[in-house]
Structures are given as structure tokens and as C-alpha cells.
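Working notes for the structure below.
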């Protein structure tokens, strides 16, 4: 038994040595801060005086605070709208591009270009577009329609930010779906055609099943990213008007800046739990079954 | 069981790592953003016993000339700091045993870095601090009592003789001074004097006169029946709301700092007044997210607003072709003159090992000739009376119609009030600002908005 263990360790030693730096970095820059942050979440701590242990008070305060629950509601809206529209746009563009379209590479680049631009830059430009005298209101004026204070109206501010995020991000989904579509064997479509399947039936019974893993990937990454929306909120609205565009991560950062480190850490852990559960559920119900 | 749990464990670990990614979600799928650390927040464990008694034990009667290196944290910015290399060299020349290590820090992240440094015993010896940070820092005994260190004297004269009432109150915490104000911020009325003259509008001195002036000033340039030019900028934040609140005889919190009083009749009246300006069509809602006003001044959307001395520099740089068209007046009021008082203070962290040298540095840069440089170099308004009354700051300014705007700000500072010194002030500030929107955007009435804010504020104050 010992000889086998020693042999296994010796055999694996080069591998362990190779991953050791990455493990060390992960431990120092992820695991340790996570553990410390977890402790802070159980304390009242402003970064100046030593933390005071308060148990689950921060979590209870957050989950019973109507203001925080509205912020969660904003975040859920952001995620649902973004993930309802974005992947659909991405898939639609990918399907179109998958046809023998001339200049496909050019269109692919054009769709992907916004994804390569910093979200801060994109948000800055869209903020200008949404202004009272911005291009969007100008275009509405051309059609005789009244302009609107898109970012200063609590009803339209968050949808306006969602539109910006979708515009910036759906190019990524387009490229990923396009690659996945091109990996579906042509023969599968031929066989479906032989069986009398029309375009919609082919899409339902060949394309979608072939994209299952890609769709799962897109939604896991997309939901995790959407729940952490911050940059565009910071640039475009700073969580205003009121708290209509304030998201969970924006609130987390704000609380850190206001030195409410215990509550901020509790928000971080609540987010972690939600994302872990959502990811687990997605993999459990939509993952590949062998 | 263990083998079946393995994929689950890997999944959860992956989710943890992905959730903890900082700015690394690239490319960004729809609705996603570059991530901010969530559970993996950068952490510096607190250091037990890092608190230092607030009162100094350094004798002021004699100078200790042991060579020291003084660390100075400065958020003014390398290009516009009054602590220029020349000025520091001159200070070091006068005090040859002191070497100054001036460090530039970005204002946005300054407070967090300051707290980490101070709580780990590695804070600076002198720090520029935003006056809105003072409540939190002072209430956590982070700042040295400068009254005890100085004996109440600054450059050979009583501190009380060198600042007006507002700054003295702002610098006071308990029985001592936690900072020495280097520059100040208090609001006066900026107005397009050329348009006032053209339309025969007198300079307003009361709220009623301001409202009438705003109505007469506003124009509908595109014929849609709604004024869209030459409006008064209504700013939905605590700084501007408190100006109207104080002018209407109200206060933000009770004297003990335990309960919100901004929802009093005075507060409701103040918010109603701002709502009224917007409803008249002569007020333009200008959110903090919209940034500074110059773009709206350039295209004429705004022709009147309230703000502090630093806006003089913004106007000169942002709207240079409107030189001579702007003037500044005392902000109109209903019951009494009033404004919030902010600015920059120079403080010594309680843990500094070089308190005497730090005080020498602060005194040096609060001399009148250095205070005048606060204006000439940074464009900000010096806080000491001597500088504000100096010929350099009271000479006519051609940009402002040949008038001397600092005389207005000197009067404004005398009646300005600092924000309450309670540990939860930044949370209360956020709550007030957020709830102003509901009333200003017509979603609810002023009383409901302020009452809701008061409930939330009281909960924070009770923590």
C-alpha cells in the first residue's frame, strides 16, 4: 500500500510542481481573500477599528431590507432581459451568417467588434446617445416623435442600460454560436431533409440539439456576468435615478467605498451562493446526459 | 457518493472562481459586465491594537531637529497640487531636518487606501482629506487632535482668528480640531449676467425672486411649448438640497446626530421649492451621472446654477468664450443665508510618528502666501480669511464681469454649515440623494420622499 502511494506521488510529482505556482496564486489572491471576506461578512467592520462579530446580522439585515430587495429586483430584471434577448440575437445572427453569405468574415468582425471595445467606452458613447439632445432623440424627432429623458426616467433608465449591454455583448454569442453551428455535420441536415423536415423542423430537431452544450455555456457565463453588472451602471447612471438602476454589485462596491465592509462582504457571499446554485441547476437540468 | 459529488464540487469551484473574477469576464456576453470581485474581495486583515490615542504628547515648546522623512498623501493631482516640488523644496530649506515624501493618490480610491494604511499602522504623516470624509474618520478616532498639538495657535496667531465661523465648526470634533481646512467649498449663485441685463432681470436675493428670475430667463428655442434654454440647474444630491434646507431654517439631523430632521416642514419646503422650479419649466434636472455642467453651459441649456468656488475654474476652462458674461452673487434664500460647507482639510493621522514635523508642514502651507497659491495653482478657494481678503484674490476677475467673486464666497463661507459628524453620515448622504429623485422627477410628493428617506436614515443612525 505504501509503495503504491509513494509510486503514485512520484509519478504525479512533475505535474504537482507545474501547477504549484498557479495553486499558490489562487490560494493567495482568491482563497485567502474569500475566507477573510467570509469572516468580515459575519462582522461589523469599517476597516479602521477591529471588526465586531455580529453573526448572521448582516445577512438578515440585507434580506429583510426593502431597499436591498429592490436592488436585487433590478439585478434580476437586468439578467432576465439581457439573457432573454442577447442570446436570441446572437443565435439569429449566427444562423444568418452560417448561410453562404458574401463577406461573412466582415459581418462576423462587425458583430464581434463591440465586444472587443471596453464596456466603459461603450457605455460612455451610449450615454451620449441617450442624452436629451443625443442622437436617439434626434432620430425620434425626424419621425415627429417626442424625445425622452432615457437615463433620467426611473422607468426607462434600466432598460436603456440593458440595451447598451446587449449591443456590446451579443457579438460574443454570435461568434460562439457560429462556431458551434459550423461544427454540426452537414449530413445531419441532409438526412433531415430526406426525411421531409422543413427549415423550422431542421432548426428544432438538428440545430438546437447540436447547440445544446453551447447554449448551456452561453447561459452559465452570461448569467454569472449579468449578475455582476457594474461598469455600465457606474458610467451611465451611478445607480440613479433613485435606485432604479442600482445593481447588487454596484451596491457592493458602494458599501465598500462607504466603509461598510461587513455588509459588503455579506452581499458578495449572497451573490456567490446565488450564482453557484443557478450554475448547478443549469448543469443539472440542461447538462449533457451520458 | 464521493465520485458523484466530484462534478458538483468542480462546478461549484468553477462558479466560485468565475464569481470572484475581477474585470476578467472577457468577452462580455449580453447583459454582462467586466466583473468586480465579489467573494474574492481584496482583504487586509485588521491589526489589533492599531488605535493610537488621539491627543498628542509632543511638546510644542521646542523643536526636535532629528532628521525625519515626512510622508504626505495628496489627492489634488500632480498637475494642480499646491504642494509643488518648488514649494516643498522651500519648506525643506526652512526645515532642513525634514525630508518630504509627497505621494499622489487618486481621489476615488483615496479613502479606502487611507483606511487600510491607517488601520495597519502605515498611514501617512499628513493627509489631504475631503471634508465629507471627516465624520467617519473623526468618529473612529483616526485623526490627531490638532488643538492639543498646536496649543490653539497657527503660525503664531490663534486658529480662531484665521478662519471664519463655518470652517472653525467644520474643523471641530469634540473639544479639538481634527483637521485644518486648506480649501473650502460653499455654494453661491452663478448667473448669466448678460442675459439678465438683456431681459431686465434683477439679481435675485430671495427664493421668490429666484423663481421669478428663472421663469423670465428660460426660453423655448424649438417651439414645442417647453422651455429648453437658459434654465436653472436643479441638482439631486445632498450638497444642493442641504443648501435649500439650511436657507429654509432646517437641519439635516438632530443635535445628537441620532435622528433625521431633514423631513421637517423646512425640509419639505426646500424640496418643494426645487420641485417647483422643475414644474415651472425653468429648472433642469441635472443628475450627478450627467457630470459637470460645462456642456450645458456651452449649448445654453443652463444659464443659472448654484455651486462652489471650484466652478470658476471649470467655467474658465470649459466655457472660455463666455468670459465676461457670468457673475456670481450670494445664493438667494428664504429665511437665512445658508450652504453646505465642504473642501479639503490637512490632517495628521493619530498614528503618525512625526507629529511635530507634520504640524510644521501644515502650518507652512497655511501661511497666507501658500494659501493664495491654493487658488493660483489649483483654482480652489483657500480656506483662511487672510488669503481670501488678500489683494490677489480680491482683484477684479475679467471672466466674471470685472467683479471680485471671492468676496461673495467669503460671505458664503461665513454662513455655511458642515455635514453632521456622525459615523453613518455617508450612508445617510446616499439615502437622501436617492430619495430626492422621486420628488424631483414627479413620482411622489416631497413629504413622502423625505419621510421615506428619514426612516432609512434613522435605521442607519441607530446601528
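Structure data summary
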quantity	calculated
Length gained when the stretch residue A:183-residue A:200 is fully extended (0.36 nm per residue, less Cα-Cα span)	4.2 nm
Theoretical FRET efficiency, 1/(1+(r/R0)^6), r = Cβ-Cβ of residue B:369 and residue A:49, R0 41 Å, to 0.05	0.55
The stretch A:223-290 versus the stretch B:329-371: alpha-carbon centroid distance in Å	39
Point-to-point label distance, residue A:88-residue B:254, nm (Cα→Cβ direction, 7 Å offset)	5.4
Global form of the stretch B:237-386, assessed from the alpha-carbon gyration tensor, a/c cut-off 1.5	oblate
Peptide A:252-260, shielding by other chains (average Cβ, 10 Å cutoff)	5
Computed [θ] at 222 nm, helices only, for the protein assembly as shown once each DSSP H run of length n ≥ 4 contributes -39500 (n - 2.57)	-16000 deg cm²/dmol
Modelled FRET efficiency - R0 41 Å, residue A:104 with residue A:70, Cβ distances, 0.05 increments	0.40
C-alpha center-to-center spacing [the stretch A:185-205, the stretch A:78-124] in angstrom	26
Cα-based radius of gyration of the stretch B:200-312 once divided by 2.2 N^0.38 Å, which approximates compact folds	1.14
Cβ neighbours within 10 Å from other chains - mean over B:422-432	3
Prolate/oblate/rounded label for chain A (Cα gyration tensor, a/c 1.5)	oblate
Computed label-point distance, nm, for sites residue A:148 and residue A:57 using a 7 Å Cα→Cβ extension	4.4
More than 35 angstrom apart: percent of Cα pairs within the protein assembly as shown	55
Hull-based mean projected area of the stretch A:48-183, where the convex hull spans the alpha carbons, in square nanometres	13.7
Mean Cβ count within 10 Å, highest first, over the residues of peptides B:413-422, A:58-67	B:413-422, A:58-67
Label-point separation in nm, residue B:215 to residue A:113, each point 7 Å along Cα→Cβ	5.1
Cβ crowding within 10 Å averaged over residues, with B:447-457, B:342-352 ranked highest first	B:342-352, B:447-457
Potential extension, residue B:224-residue B:323 segment - 0.36 nm per residue separation minus Cα distance	32.6 nm
R0 of 35 Å, Cβ-Cβ distance residue B:113-residue B:451: FRET efficiency to nearest 0.05	0.40
Shape call, the stretch B:112-195: gyration tensor on alpha carbons, a/c limit 1.5	oblate
Per-residue mean of C-beta atoms belonging to partner chains within 10 Å, peptide A:235-242	6
Whole-number D in µm² s⁻¹ for chain B, Kirkwood Cα-pair radius fed into Stokes-Einstein, 4 °C, 1.567 mPa s	53
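Coordinate-derived values only; no laboratory data. Nothing here was measured: the structure is a model prediction, and the numbers come from that model. Methodologically, a virtual Cβ is constructed for each residue, glycine included, from the backbone with ideal geometry; neighbour enumeration extends over all protein chains shown.
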